[in-house]
Amino acid sequence: MIYKIYPLFVFLLLSFGKDSKSTPKIKSETTKTIAKVEKLTVEAKIESIYSALNPNNFQLPELKTFSEALKGFYILKEKGVIHKDILTLIDFSLSSNSKRLWVIDLATNTVLFQSLVAHGRNTGEEFASSFSNNNSSYKSSLGFYATGEIYQGKHGASLRLDGLERGYNDNARQRGVVMHGADYVSESFIRDHKRLGRSQGCPAVPVELTNEIIQLIKDKSCLFIYHPSRSFMMEEKLIS
């Protein structure tokens, strides 16, 4: 696990130092050293994975976005919250007219899908800018989700989502925020309206891709919705 790399020299450093007055300073500097080494090791590992990704004729997500997604994926996988080596990444910093959803198989390091995806009607027009965890807000919620079960709803086959970040998306199931297909998620809608259609807060995808995507990512895979307005605080907000 890339989050548990502690250099031996750090342990040895803690074992020495006869001057008791200097011990707190040594420990403080050692803690900073551990954090710095861990961060460098994690970032190097993520960059290695990113550089090895097979785009499969798709465009890759940005490294920064992928990095945040992968850090959370590892934590959730270690906790047993998610079970699959499938990562769905949505980048809401991008225009809704671009394909800003990726489904990535981390077992084979292969991009399986890149697709259009809608944000909530009150989250913004072409660009997403406002987010909420509240009922009836008609806004998207950021952060990490575990995918749930498929059911038949008003949009046909739909995938339930469980928000994993307290205060940010943990009302998703209660709100009925799910992944579903919608005819307003299409290139033709963009041509007619100059932007993609919008949902009531759900990450809606093209109708023709819905079944393939939700069948692949259902039952405890990781979905991450990114926006630069907030950074993932690692374990502090994650629901185990």
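The values are calculated or read from the model by the stated rules, or taken from the named source; none is laboratory data. None of these values were measured; they are calculated from a predicted model. When we count neighbours, we look across all protein chains shown, and the Cβ atoms used for this are built from the backbone with ideal geometry, even at glycine. Each accessible area value is taken on the protein alone, full model and side chains, heavy atoms only, with ligands, DNA and RNA left out. Shrake-Rupley method; radii C 1.70, N 1.55, O 1.52, S 1.80 Å.
Is at least one residue of segment 185-203 free of Cβ contacts under 8 Å to residues at least 24 places away in the same chain, open to solvent by 10 Å² or more (accessible area, probe 1.4 Å) and under 20 Å from the mean Cα position of the chain (by Cα)? Before the answer, list the steps.
Applying the first criterion (free of Cβ contacts under 8 Å to residues at least 24 places away in the same chain) to segment 185-203 yields 188-189, 191-193.
Going one step further and asking which of them are open to solvent by 10 Å² or more (accessible area, probe 1.4 Å), we end up with 188-189, 191-193.
Add one more test, that the residue is under 20 Å from the mean Cα position of the chain (by Cα), and what stays is none.
Checked segment 185-203: no residue is free of Cβ contacts under 8 Å to residues at least 24 places away in the same chain, open to solvent by 10 Å² or more (accessible area, probe 1.4 Å) and under 20 Å from the mean Cα position of the chain (by Cα).
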Inset, instruction - Please verify whether segment 102-112 includes one or more residues that are open to solvent by 40 Å² or more (accessible area, probe 1.4 Å), more than 16 Å from Arg230 (Cβ to Cβ) and small (Gly, Ala, Ser). - result: yes
Legend entry - Residue in segment 95-106 that is β-branched (Val, Ile, Thr) and within 15 Å of the chain's Cα centre (by Cα) present: yes
Inset, instruction - Report yes if Arg160 is at pLDDT 95 or above, open to solvent by 40 Å² or more (accessible area, probe 1.4 Å) and touching a helix residue (DSSP H, G or I) at 6+ places or on another chain (Cβ under 7 Å), otherwise no. - result: yes
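May I ask you to say which residue of Phe144, Phe127, Phe73 is closer than 20 Å to Ser231 by Cβ, part of a strand (DSSP E or B) and not aliphatic (A, V, I, L, M)? Reasoning before the result, please.
On the way: Phe127 fails: part of a strand (DSSP E or B); Phe73 fails: part of a strand (DSSP E or B).
Unique residue meeting the criteria: Phe144.
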Inset, instruction - All but one of (1) within 21 Å of Tyr74 (Cβ to Cβ); (2) part of a loop (DSSP other than H, G, I, E, B); (3) open to solvent by 10 Å² or more (accessible area, probe 1.4 Å); (4) not aliphatic (A, V, I, L, M) hold for Asn169, so report the exception by its number. - result: (3)
Legend entry - Pairs where the first residue, in segment 50-63, is farther than 21 Å from Ile225 by Cβ and touching a residue at least 24 places away in the same chain (Cβ under 8 Å) and the second is in a loop (DSSP other than H, G, I, E, B) and open to solvent by 70 Å² or more (accessible area, probe 1.4 Å), C-beta under 8 Å, 6+ apart: Asn54/Thr108
Legend entry - Residues located in segment 82-94, provided they are more than 17 Å from Lys64 (Cα to Cα), part of a loop (DSSP other than H, G, I, E, B) and open to solvent by 10 Å² or more (accessible area, probe 1.4 Å): His83, Lys84, Asp85
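Filter segment 173-184 for residues that are free of Cβ contacts under 8 Å to residues at least 60 places away in the same chain and open to solvent by less than 40 Å² (accessible area, probe 1.4 Å) and give the result. First the steps, then the outcome.
First, the residues of segment 173-184 that are free of Cβ contacts under 8 Å to residues at least 60 places away in the same chain: 173-181, 183.
Hits for segment 173-184 are Gly176, Val177, Val178, Met179, His180, Gly181.
If I ask for residues that are surrounded by fewer than 18 Cβ atoms within 10 Å (Cβ to Cβ) and either acidic (Asp, Glu) or more than 16 Å from Ile90 (Cα to Cα) (or both), which ones from segment 118-137 would you list? Before the answer, list the steps.
Taking segment 118-137 as the starting set, the residues that turn out to be surrounded by fewer than 18 Cβ atoms within 10 Å (Cβ to Cβ) are 121-122, 125-127, 129-130, 134-136.
Passing the criteria: Arg121, Asn122, Glu125, Glu126, Asn134, Asn135, Ser136.
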